[in-house]
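Engineer: The structure that follows is given in the form of structure tokens.
The values are calculated or read from the model by the stated rules, or taken from the named source; none is laboratory data. All of these numbers come straight from a predicted model, not from anything done at the bench. Using ideal geometry, Cβ is built from the backbone for each residue, glycine included, and neighbour counts are taken over all protein chains shown. Keep in mind that these areas ignore ligands, DNA and RNA; they rest on the heavy atoms of the full protein, side chains included. Shrake-Rupley method; radii C 1.70, N 1.55, O 1.52, S 1.80 Å.
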Amino acid sequence: MPPRPIHLALSWKARVGDWLLRPEMQALAAFLRAEKAAGKIIFPPAVQIFAALDATLFDAVQVVILGQDPYHGPGQAHGLCFSVLPGVAVPPSLDNIFKEIGNDLKIARPDHGCLLPWARRGVLLLNAVLTVQAGNAGSHQGRGWEGFTDHIIDTLSREREGLVFLLWGSYAQAKGKLIDGRRHCVLRAPHPSPLSAHRGFLGCGHFSAANRWLAGRGAQPIDWSLPPRVEVERMLAAG
């Protein structure tokens, strides 16, 4: 399951694909192959490792939400940060995200936790680390993914204009140094985890603030609502 440039959508491959040929990324690919050969289960499935980049093409990005690493429970991770597939229980952090959207924008809670519709509307749902060993949170940190996702953020900051970056928690906020705050809107808050959400994530108003920024620049605000589960399942089935 090596990360290879051919798996990237063309708009991303043209800008960041060469990074995957660097020695540290080849070492990461070797590590992933060895882990799989040793019988370890890795999430998300190999075909979904770059799902965030496949779902939101480079020129379509309007908002970036940064996560840490994929969910490590069975059936949870599918390549979009904070998101789970329909039918999978909504994790606590995502539950708090839905609470904040409800309070901020009066949007009803969806009947699922799949954020693919957001990704299709221009919200890049990017984890800093793109793989994890089953049941072992943070197990692939420091293996090379961070340099690749840093490069993605840096490239967006340099080549795009007027994006909104939502940085929740210290891990995501550490990537703020890569973002030109003169050209982009950077919003910071505690992580939506139950351990920290009540210290400022709940009530942060980031979703309405992002839309005000976009509208103020003449861009289309994000529709933060999610269609019913049955519609999302059709979307997933269509590819």
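Engineer: Here are some residues: ARG229, ARG188. Which one is charged (D, E, K, R) and touching a helix residue (DSSP H, G or I) at 6+ places or on another chain (Cβ under 6 Å)?
Structural biologist: Of the residues listed, the single one that is charged (D, E, K, R) and touching a helix residue (DSSP H, G or I) at 6+ places or on another chain (Cβ under 6 Å) is ARG188.
Engineer: Only residues that are open to solvent by less than 70 Å² (accessible area, probe 1.4 Å), assigned to a loop (DSSP other than H, G, I, E, B) and over 11 Å from LEU8 (Cα atoms): list them for region 27-55, please.
Structural biologist: The answer is GLY39, PRO44, PRO45.
Engineer: Quickly run through region 24-35 and pick out the residues that are of a type outside the set (Gly, Ala, Ser), over 21 Å from ILE153 (Cβ atoms) and out of contact with any Lys or Arg (no Cβ under 6 Å at 6 or more places or on another chain).
Structural biologist: GLN26, LEU32, ARG33, GLU35
Engineer: Report whether or not ASP111 is surrounded by 15 or more Cβ atoms within 10 Å (Cβ to Cβ) and acidic (Asp, Glu).
Structural biologist: Considered against the rule, which asks whether it is surrounded by 15 or more Cβ atoms within 10 Å (Cβ to Cβ) and acidic (Asp, Glu), ASP111 comes out as no.
Engineer: For residues in region 122-137 being open to solvent by 10 Å² or more (accessible area, probe 1.4 Å) and assigned to a strand (DSSP E or B), which is nearest to ILE97 (Cα to Cα)?
Structural biologist: ASN127
Engineer: Could you tell me whether any residue of region 93-100 is under 15 Å from the mean Cα position of the chain (by Cα), hydrophobic (A, V, I, L, M, F, W, C) and not in a loop (DSSP other than H, G, I, E, B)?
Structural biologist: yes
Engineer: Among the residues of region 101-120, is there at least one that is touching a strand residue (DSSP E or B) at 6+ places or on another chain (Cβ under 8 Å), modelled with pLDDT of 95 or more and closer than 21 Å to ALA29 by Cβ?
Structural biologist: no
Engineer: Only one of these is at pLDDT 95 or above and farther than 30 Å from ARG188 by Cα: ALA37, ALA60, ALA46. Name it.
Structural biologist: None of the other options fit; the residue is ALA37.
Engineer: Wholly within region 138-230, which helices (runs of 4 or more DSSP H) include no fewer than the required count, namely at least 1 residues that are farther than 23 Å from ARG22 by Cβ, aromatic (Phe, Trp, Tyr) and open to solvent by 20 Å² or more (accessible area, probe 1.4 Å)?
Structural biologist: Per the criteria, 206-216.
Engineer: A further question on this structure: Taking the condition free of Cβ contacts under 8 Å to residues at least 60 places away in the same chain, surrounded by 22 or more Cβ atoms within 10 Å (Cβ to Cβ) and either out of contact with any Pro (no Cβ under 6 Å at 6 or more places or on another chain) or under 19 Å from THR56 (Cβ atoms) (or both), does LEU80 pass?
Structural biologist: yes
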